[in-house]
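Asker: The structure's right below; bear with me while I get my questions together.
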Amino acid sequence: MRLVIFDIDGTLVDSQLEITQAMNRAMQGAGLPEMEPARILSIVGLSLPVAVARLLPGAGPELHGRVVAGYRESFIASRAAGALPPLYPGALDCLDALAARDELLLGIATGKPARGLAAILDAHGLTRRFITRQSADGHPSKPHPAMLESALSETGVGAGRAVMVGDSTFDMEMARAAGVAGFGVGWGFCPVEELHAAGAHLVAPDYPALTRALLEWADE
């Protein structure tokens, strides 16, 4: 068996508008100025408290906590209003192609909390596609390898037979730390050259290219 582990934000789901709006609402609620979207997107992939601390390095724990709480409140309100970030074009076709191979298992490793992960997978009808689902709950933030180590343990697949698919340097660094291959994607929130520098085995420009690369990797 082989295991393909996907990130969510910036990899399967185009959530950049939702993330930047939620963070800037949280900043405003804490009495802080809005941030440029690129700055906010640079921390996507990290667990929320770690991400906020990186965005506000000079602030104390109380302010960090207010921003974290505001971000979560904004997300909850967005979900309650029926907002749903879309899958990237070709994502579902890729998952279908991988699911057609009996030797391939699919997993998730995300900086989202378990509740947020469950909501987005359920909304897109994807929950049953992933045999292992690792979230920020109970794990250190990426790029610590704990999420991948848990996924490998749950599925019984060795690190040499697994690949992490993600759009951030945190994903690639996590993969390297776990001894797993890292496949970057070029449509997410991180520049392609940074993914290569972080150790990506390859960076796919679109989902058809990623699908081909994963199927070729499965046949090795």
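Asker: Condition (residue is more than 16 Å from the chain's Cα centre (by Cα), in a loop (DSSP other than H, G, I, E, B) and modelled with pLDDT under 95) applied to segment 111-123: is it met by at least one residue?
Answerer: No.
Asker: All but one of (1) at pLDDT below 95; (2) in contact with a Gly (Cβ under 7 Å, 6 or more places away or on another chain) hold for Gly58, so report the exception by its number.
Answerer: Of (1) at pLDDT below 95; (2) in contact with a Gly (Cβ under 7 Å, 6 or more places away or on another chain), only one is false for Gly58: (2).
Asker: Next up: Just to be sure I understand, how many residues within segment 61-103 are in a loop (DSSP other than H, G, I, E, B), modelled with pLDDT of 95 or more and within 19 Å of the chain's Cα centre (by Cα)?
Answerer: So the answer is 4.
Asker: Right, something else. Of everything in segment 1-40, what is β-branched (Val, Ile, Thr) and farther than 14 Å from Val52 by Cα? Give them in sequence order.
Answerer: If the condition is that a residue be β-branched (Val, Ile, Thr) and farther than 14 Å from Val52 by Cα, then Val4, Ile5, Ile8, Thr11, Val13 are the ones that fit.
Asker: A further question follows. Could you check, for segment 132-142, whether at least one of its residues is over 14 Å from the mean Cα position of the chain (by Cα), open to solvent by 50 Å² or more (accessible area, probe 1.4 Å) and of a type in the set (Gly, Ala, Ser)?
Answerer: Among the residues of segment 132-142, at least one is over 14 Å from the mean Cα position of the chain (by Cα), open to solvent by 50 Å² or more (accessible area, probe 1.4 Å) and of a type in the set (Gly, Ala, Ser), which makes the answer yes.
Asker: Which pairs do you get when a residue that is farther than 20 Å from Arg115 by Cα, found in segment 52-73, comes within reach of a residue that is in a helix (DSSP H, G or I) and of a type outside the set (A, V, I, L, M), reach meaning Cβ atoms under 6 angstrom, with the pair 6+ apart or on two chains?
Answerer: Once the first residue is farther than 20 Å from Arg115 by Cα and sits in segment 52-73, its partners that are in a helix (DSSP H, G or I) and of a type outside the set (A, V, I, L, M) give Ala53/His64.
Asker: Identify, please: which residue in segment 1-21 is hydrophobic (A, V, I, L, M, F, W, C) and surrounded by 21 or more Cβ atoms within 10 Å (Cβ to Cβ) and is, among those, farthest from Gly160 (Cα to Cα)?
Answerer: Ile19
Asker: Still on this structure, I have one more. Please report, ordered by residue number, the helices (runs of 4 or more DSSP H) entirely within segment 153-220 with at least 2 residues that are open to solvent by less than 50 Å² (accessible area, probe 1.4 Å) and in the same structural domain as Asp9 (by the TED database).
Answerer: 169-178, 207-218
Asker: Do you know which of the residues in segment 70-127 that are surrounded by fewer than 16 Cβ atoms within 10 Å (Cβ to Cβ) and of a type in the set (Lys, Arg) is nearest to Thr169 (Cα to Cα)?
Answerer: Arg115
Asker: If you don't mind, another one. Give me the pairs, please: first residue somewhere in segment 8-34 and over 24 Å from Leu210 (Cα atoms), second residue anywhere and in a strand (DSSP E or B) and among the acidic types (Asp, Glu), beta-carbon distance under 7 Å, and either six or more positions apart or on two chains.
Answerer: Listed by first residue and then by second, the contacts come to Ile19/Asp9.
Asker: Has segment 27-47 got at least one residue that is crowded, with 20+ Cβ neighbours inside 10 Å and part of a strand (DSSP E or B)?
Answerer: Yes - at least one qualifying residue is present in segment 27-47.
The values are calculated or read from the model by the stated rules, or taken from the named source; none is laboratory data. Everything numeric in this text was worked out from a predicted model, so none of it was measured. Neighbour counts are summed over all protein chains in view; Cβ atoms, including those assigned to glycine, are modelled from backbone coordinates with ideal geometry. These area figures cover heavy atoms from the full protein model, side chains too; ligands, DNA and RNA do not enter into them. Shrake-Rupley method; radii C 1.70, N 1.55, O 1.52, S 1.80 Å.
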